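Take a look at the structure set out below.
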Amino acid sequence: EHAEQVFAWVSAAVSRYGNASMADFNDLICPGSVCHAALDGRIVFRDSQHMTASYADSLGDRVAARLLPLKEAVGSMQ
């Protein structure tokens, strides 16, 4: 599948750098590996690959909760 190829390419590119890592939010976008047209009362995709702004905005708190520990870890390394 195309999405799996892209994931593999990005993972390979990121693995070349010691100061980079990949964040996977697919479980938020397509829970249970199933992509829905609508979730939580919002349309998820505006086309075959791009989320709507309203759905992306609805993920903000959950994405921030995952990124905050990473930011704190990096901050403690400096």
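Taken over region 22-53, residues that are under 21 Å from Ala73 (Cβ atoms) and surrounded by fewer than 10 Cβ atoms within 10 Å (Cβ to Cβ) amount to 1.
Tally time: how many residues in region 49-72 are of a type in the set (D, E, K, R) and within 13 Å of the chain's Cα centre (by Cα)?
4
State yes or no: is Arg16 more than 20 Å from Ala3 (Cα to Cα) and open to solvent by 60 Å² or more (accessible area, probe 1.4 Å)? It is true that Arg16 is more than 20 Å from Ala3 (Cα to Cα) and open to solvent by 60 Å² or more (accessible area, probe 1.4 Å).
The values are calculated or read from the model by the stated rules, or taken from the named source; none is laboratory data. In this text, all values refer to a predicted model and were calculated from it rather than measured experimentally. Neighbour counts run over all protein chains shown; Cβ positions are idealised from the backbone, glycine included. In case anyone asks, the SASA skips ligands and DNA or RNA and just uses the protein heavy atoms, side chains included. Shrake-Rupley method; radii C 1.70, N 1.55, O 1.52, S 1.80 Å.
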